[in-house]
Amino acid sequence: MSITLDASQTALRAKARELANGPVSARAAEVDRSEQYPWDNVTLLKDAKLLGMTIPPAYGGQGKSWLDAVVVIEALSAACSVTGRIAVETNMGAISAIMAYGSEDQKKMAAAMVLDGDKPAICITEPEAGSDASGMTTRADRRGNRFVVNGKKHWITGGGVSRLHLIFAKVYDEKGNEEGVGGFLAIRDETQGLKIVKREPTMGLRGIPEAEIAFEDMDLPPSALVIPPRGLRKGFADLMNAYNSQRVGAATVALGIADGAYQLALDWSEEREQFGRPINEFQGLQWKLADMSIKLAAARALVYGAAKSGEGGFPDMLLAAQAKVFTSENAISVVNDALQFFGARGYSRNLPLERMARDVRMFTIGGGTAEVLRNVVAGAILKKKLPQTRDGWLKSAD
Ligand code: FAD
Ligand code: COA
């Protein structure tokens with residue numbers, strides 16, 4: 001499927017590229033080196049109206065499509081993956097779940113926070129429940145009409161800089177019966193009992209913290225519940241449905257990083273001479289460039305197609321998973337090849353290639369690993385439930 005951008009999308013991309021090639025790229029190395037969240041880039045995105053674009057106009061946003069967001073994220077990520085991720089998480093993921101499932105008050109509050117520069121955190125993963133997200137043990141116990149939340153999440157992007165948190169927990173009634181997974185809103189520094197425990201030392205994407213977060217008798221009013229449990233599975237399915245937008249966003253960041261690295265390699269292949277000729281006169285490198293361009297074109301078609309599939313709702317589960325698996329794996333290979341074009345220079349911290357290689361490595365892991373997403377793809381094409389637990393297989397064999 002080939003997707004052509006319309007005039008407004010081309011203009012949006014040009015605006016994002018201008019920022020990317022100017023101030024964003026100028027700060028990218030420093031963001032990585034200092035490991036500081038780039039608040040100045042948040043201001044740039046806010047001033048350029050690239051934060052919260054997908055929020056409907058009734059809540060102060062522009063009602064932009066997933067594809068609009070994707071072209072912006074791709075352009076920003078080519079220069080600075082951290083800034084690309086900020087664009088993902090202010091347009092997709094938690095904010096999109098709140099805008100889809102929240103009450104009027106929740107939507108107004110979340111939209112205002114995001115448009116003012118807050119990147120919401122989405123809290124799903126736990127130390128003992130990673131790929132097996134539905135095995136989470138964080139619990140929300142009903143006490144009268146309030147909820148008391150206890151548990152721990154880790155690898156939460158933005159932990160310590162994000163204010164708004166969308167937290168997933170198993171809900172239990174007063175008698176201790178499980179009602180299913182629900183989604184709750186809490187605000188760092190306002191909600192008692194939400195504690196940022198520690199920051200993870202990461203390989204790449206260092207300008208954005210990944211944190212462990214604990215909930216200690218976190219007392220929430222009924223108005224904090226965004227996604228009700230609705231039976232043992234439905235709340236969780238709602239969460240995962242919204243999460244398909246974030247998967248497309250993550251794939252887009254990987255695509256952007258790979259495209260940025262490819263463009264650098266293309267230019268360098270003309271500039272660098274060995275044996276008295278530009279290195280792109282060697283067929284060994286011409287074929288590498290050809291393969292890189294093919295991988296990028298295929299990845300872009302998958303990502304744009306998945307984004308398009310979400311018009312009026314959320315991206316399709318199968319298309320989002322296919323796009324993320326293919327793009328994340330091929331982006332690693334494209335960046336690795338691009339680094340090779342630079343020889344020793346590619347291995348130096350003076351050039352962005354080594355940072356890109358560290359940053360891009362993440363995308364086969366976060367947001368659903370490539371292996372788990374292959375399970376999602378297989379389940380969808382086979383139209384079969386593919387339970388991963390031993391007892392699940394036994395039950396499905398009955
Ligand atoms: P595990 O689930 O322990 O997996 C270990 C290995 O086993 C993997 O290779 C995996 O693919 C494989 N495996 C597991 N189950 C299966 C199976 N059924 N079939 C085949 N292979 C399998 N989480 C959040 O909630 N919020 C965030 O903001 C967030 N941000 C993140 C940012 C970064 C930079 C990273 C690295 C992670 C982030 N995560 C976040 C966590 C991420 O979603 C999890 O790391 C991911 O879901 C995998 O869980 P795990 O790390 O526990 O790996
Ligand atoms: N989009 C829409 N619905 C989804 C979905 C998605 N991406 N993933 C799961 N669901 C739905 C299922 O269709 C199912 O609904 P049903 O009960 O009506 O059939 C329900 O959610 C439970 O899914 P199932 O696959 O049966 O759950 P499971 O207990 O085997 O859990 C997952 C498997 C979903 C946790 C696993 O496939 C997964 O995605 N793990 C990665 C978690 C992740 O991405 N974490 C990132 C945190 S940042």
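The values are calculated or read from the model by the stated rules, or taken from the named source; none is laboratory data. Here the structure is a predicted model, which means the values were calculated and not measured. Methodologically, a virtual Cβ is constructed for each residue, glycine included, from the backbone with ideal geometry; neighbour enumeration extends over all protein chains shown.
Observations on the model:
- Residue identified as farther than 15 Å from A251 by Cα and of a type in the set (A, V, I, L, M) among L302, L339, L318: L339
- Only listed residue being within 21 Å of S134 (Cα to Cα), more than 12 Å from ligand 1 (Cβ to nearest atom), in contact (Cβ under 8 Å) with a residue 40 or more places away in the chain and out of contact with any Cys (no Cβ under 9 Å at 6 or more places or on another chain), chosen from A338, A380, A370: A380
- Condition check for A112: buried (at least 18 other Cβ atoms within 10 Å of the Cβ) and at pLDDT 95 or above: no
- Within segment 322-398, helices (runs of 4 or more DSSP H) holding 1 or more residues that are buried (at least 17 other Cβ atoms within 10 Å of the Cβ) and within 11 Å of ligand 2 (Cβ to nearest atom): 370-382
- Only a single criterion out of (1) modelled with pLDDT under 95; (2) assigned to a helix (DSSP H, G or I); (3) surrounded by fewer than 15 Cβ atoms within 10 Å (Cβ to Cβ) is not satisfied by G312, namely (2).
- Residue within segment 259-277 that is at pLDDT 95 or above, within 15 Å of ligand 2 (Cβ to nearest atom) and either over 18 Å from V149 (Cβ atoms) or among the charged types (D, E, K, R) (or both) present: no
- Residue identified as small (G, A, S) and touching a helix residue (DSSP H, G or I) at 6+ places or on another chain (Cβ under 7 Å) among A26, A58, A20, A94: A20
- Where a residue in segment 270-286 is at positive phi and its partner, wherever it lies, is in a helix (DSSP H, G or I), with Cβ under 9 Å and at least six apart: F275/E281
- The set of residues in segment 345-367 being free of Cβ contacts under 8 Å to residues at least 12 places away in the same chain and either within 10 Å of ligand 1 (Cβ to nearest atom) or acidic (D, E) (or both) consists of I365 alone.
- Members of segment 214-262 found to be within 16 Å of D173 (Cα to Cα) and in contact with a Pro (Cβ under 9 Å, 6 or more places away or on another chain), listed by number: G235
- The condition (being away from ligand 1 (no atom under 16 Å from the Cβ) and outside the structural domain of L67 (by TED's automatic domain parsing)) is satisfied by just one residue among K308, K324: K308.
- Criterion violated by T4 - all others in (1) assigned to a loop (DSSP other than H, G, I, E, B); (2) under 21 Å from the mean Cα position of the chain (by Cα); (3) not aromatic (F, W, Y) satisfied: (2)
Rundown of residues vs (1) in contact (Cβ under 8 Å) with a residue 40 or more places away in the chain; (2) among the aliphatic types (A, V, I, L, M); (3) away from ligand 2 (no atom under 16 Å from the Cβ); (4) surrounded by fewer than 19 Cβ atoms within 10 Å (Cβ to Cβ), yes/no style:
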| site | (1), (2), (3), (4) |
| --- | --- |
| K153 | yes, no, no, no |
| G160 | yes, no, yes, yes |
| H165 | yes, no, no, no |
| D173 | no, no, yes, yes |
| E179 | yes, no, no, yes |
| L194 | no, yes, yes, no |
